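A.B. asks: One structure coming up, written as structure tokens, with questions to follow.
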Amino acid sequence: MNGDISRRGVLGVGLGASVGLAGAALLGRRVLAQQDTPAATGSGPAAAKPCKRVVRLAHITDTHIQPELRVPEGVASCLTHIREKKFADALAAGGAGAASDKVDLILHGGDVIFDAMDVGEARTKEQWGLYQKVLADNWSGPIYHAVGNHDCWGLNKKVSGTTGDEELWGKRWAMQELKIKPAANVDTKAFGAYYSFDQNGWHIVVLDSVQVEPGGYFGGIDDAQFDWLKGDLLLNKMYPTLLVSHISLFTATVLDRALNDKRERVVHPALMCIDYGRLKKLFLENPQVKVALSGHMHLKDRVDYCGVSYFCNGAVCGGWWKGPHKECDAGYAVVDLFDDGTFENRYVGYGWKAGA
Ligand SMILES: [Fe+2]
């Protein structure tokens, strides 16, 4: 659970302890093969060592829980699908081995509740209560959350009736519910829902991509968080790394809206992180960053760009529980991570029928 998340900041990791794994993970299969050369083993010609899956996780995002539209039943059915490994058939159809293995953890990409931005305290409380109940009833394994824009209470002060001075205003209510410790030296009203942890040879970073501004939010990584990320990647350079954020760091799905729906000439700042430029540079300096997962768009895509594979992984709610959103059905992704830094990301429907 989130209680033992480590936020290393600039302190504390035993770099030396992991260097052996480090080299292999960073440099990939060729290095693993070299470790098995005749000189090393004293037998036979060199043979590539097959990579081994070390982590299987479910990336769920945009559950948008509310009492209406049978949503609690829908979220429960998604968690049951994961818990009972009902994804096995879909994965096997794709030719993957060990399709029926369980997931080790869930990463929730945010927009956990339907909406707290535009509603008052009672409605926000009701939605969090529903989520906690559905989660407790249907999942007992590890789960880590990112905060989504709809999880932030009262950002639209006029409509929600908030002043901004409430103790749980903004991200703080969500962070309390999701047991995310605020980052040090950061105003937790606006920022601070980021952390990282290690999972069987991979480093996993949960980013806070929702930046609060008067009247709303935009997608981005604030300066304090960017500095923390820089330090965290440096300290964990030996591990292949997966990032997860609510708002995409980079995605082609925004183009569908900009060039299709809206005929806009710029990317709307609420749809994708505005500081991708400096993130790209950081990732080029840290080639161990392999994968970045996101939600927010309720659409699916994969973009391989400058060494990182970006997956926008649809939405558990599809089109806000009223059916698919465009070409994207309600679903979640099963993500397999291998010991040589490779990965597989597969989107799986869980059979939800809106209105049925
Ligand atoms: Fe959403």
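The values are calculated or read from the model by the stated rules, or taken from the named source; none is laboratory data. Everything quoted here is computed from the prediction, not taken from an experiment. All Cβ positions, even for glycine, are placed from backbone atoms using ideal geometry, and neighbour counts span all protein chains on display.
A.B. asks: Does any residue in segment 335-356 that is over 22 Å from GLU84 (Cβ atoms) and in the same structural domain as GLY307 (by TED's automatic domain parsing) come within less than 8 Å, Cβ to Cβ, of a residue that is charged (D, E, K, R) and part of a loop (DSSP other than H, G, I, E, B) six or more places away or on a different chain, and which pairs are these?
C.D. replies: PHE338/LYS52; ASP339/LYS52
A.B. asks: Check every one of the helices (runs of 4 or more DSSP H) wholly within segment 104-205 and list those with 2 or more residues that are among the aromatic types (Phe, Trp, Tyr) and crowded, with 18+ Cβ neighbours inside 10 Å. Break it down stepwise before answering.
C.D. replies: Details: elements: 121-138, 157-160, 172-177.
Because the criterion is at least 2 residues that are among the aromatic types (Phe, Trp, Tyr) and crowded, with 18+ Cβ neighbours inside 10 Å, the helices (runs of 4 or more DSSP H) in segment 104-205 that meet it are 121-138.
A.B. asks: Right, here's the next one. Given the structure, is LYS326 farther than 30 Å from PRO50 by Cβ and either within 16 Å of the ligand (Cβ to nearest atom) or of a type in the set (S, T, N, Q) (or both)?
C.D. replies: Details: farther than 30 Å from PRO50 by Cβ: yes; either within 16 Å of the ligand (Cβ to nearest atom) or of a type in the set (S, T, N, Q) (or both): yes.
Yes, satisfied.
A.B. asks: Could you list, in sequence order, the residues of segment 275-295 that are under 18 Å from the mean Cα position of the chain (by Cα), of a type in the set (A, V, I, L, M, F, W, C) and away from the ligand (no atom under 16 Å from the Cβ)?
C.D. replies: Those that are under 18 Å from the mean Cα position of the chain (by Cα), of a type in the set (A, V, I, L, M, F, W, C) and away from the ligand (no atom under 16 Å from the Cβ): LEU279, PHE283, VAL289, VAL291, ALA292.
A.B. asks: Continuing with the same structure: Being at pLDDT 95 or above, part of a loop (DSSP other than H, G, I, E, B), within 16 Å of the ligand (Cβ to nearest atom) and in the same structural domain as VAL71 (by TED's automatic domain parsing) narrows it down to one of HIS268, HIS298, so name that one.
C.D. replies: Working: HIS268 fails: at pLDDT 95 or above.
After applying the criteria, what remains is HIS298.
A.B. asks: Pairs please, first residue from segment 51-64 and at positive phi, second anywhere and among the acidic types (Asp, Glu) and within 12 Å of the ligand (Cβ to nearest atom), Cβ atoms under 7 Å, 6+ apart in sequence or on different chains.
C.D. replies: ASP62/ASP111; HIS64/ASP111
A.B. asks: Turning to a different aspect of this structure: For the list (1) more than 16 Å from the ligand (Cβ to nearest atom); (2) in contact with a strand residue (DSSP E or B) (Cβ under 6 Å, 6 or more places away or on another chain), I need the number of the one condition that GLY231 fails.
C.D. replies: Result: GLY231 fails condition (2) only.
A.B. asks: May I pose another question? Would you be able to tell me the number of residues in segment 105-122 that are under 21 Å from the mean Cα position of the chain (by Cα) and away from the ligand (no atom under 16 Å from the Cβ)?
C.D. replies: Residues in segment 105-122 being under 21 Å from the mean Cα position of the chain (by Cα) and away from the ligand (no atom under 16 Å from the Cβ): 2 in total.
A.B. asks: Take the conditions of a type in the set (A, V, I, L, M, F, W, C), at pLDDT 95 or above and in contact with a Lys or Arg (Cβ under 8 Å, 6 or more places away or on another chain) and apply them to VAL244. Does it pass?
C.D. replies: Numbers: of a type in the set (A, V, I, L, M, F, W, C): yes; at pLDDT 95 or above: yes; in contact with a Lys or Arg (Cβ under 8 Å, 6 or more places away or on another chain): no.
When the stated conditions are applied, VAL244 does not pass them.
A.B. asks: Of the residues that sit in segment 301-316 and are of a type in the set (A, V, I, L, M) and surrounded by 19 or more Cβ atoms within 10 Å (Cβ to Cβ), which one is farthest from the ligand (Cβ to nearest atom)?
C.D. replies: Initial filter on segment 301-316 (of a type in the set (A, V, I, L, M)): 303, 308, 315-316.
Next, only the ones that are surrounded by 19 or more Cβ atoms within 10 Å (Cβ to Cβ) stay: 308, 315-316.
Working: VAL308: 23, ALA315: 6, VAL316: 10 Å.
Residue satisfying both the conditions and the ranking: VAL308.
A.B. asks: Then there's this: Identify all residues within segment 317-356 that are surrounded by fewer than 22 Cβ atoms within 10 Å (Cβ to Cβ) and in a strand (DSSP E or B); write none if there are none.
C.D. replies: HIS325, CYS328, ASP336, PHE338, PHE343, GLU344, ASN345, ARG346, TYR347, GLY349
A.B. asks: Specify which of the listed residues (LYS157, LYS125, LYS133, LYS102) is under 19 Å from PRO214 (Cβ atoms), assigned by TED's automatic domain parsing to the domain that holds CYS317 and away from the ligand (no atom under 16 Å from the Cβ). So that I can check it myself, show each step before the final result.
C.D. replies: Working: LYS125 fails: under 19 Å from PRO214 (Cβ atoms); LYS133 fails: under 19 Å from PRO214 (Cβ atoms); LYS102 fails: under 19 Å from PRO214 (Cβ atoms).
Residue meeting the stated conditions: LYS157.
A.B. asks: Further question: Consider ALA258 carefully, then state whether it is crowded, with 16+ Cβ neighbours inside 10 Å, of a type in the set (Gly, Ala, Ser) and part of a helix (DSSP H, G or I). Show your work before the answer.
C.D. replies: On the way: crowded, with 16+ Cβ neighbours inside 10 Å: yes; of a type in the set (Gly, Ala, Ser): yes; part of a helix (DSSP H, G or I): yes.
Taking the combined requirement at face value, the residue satisfies it.
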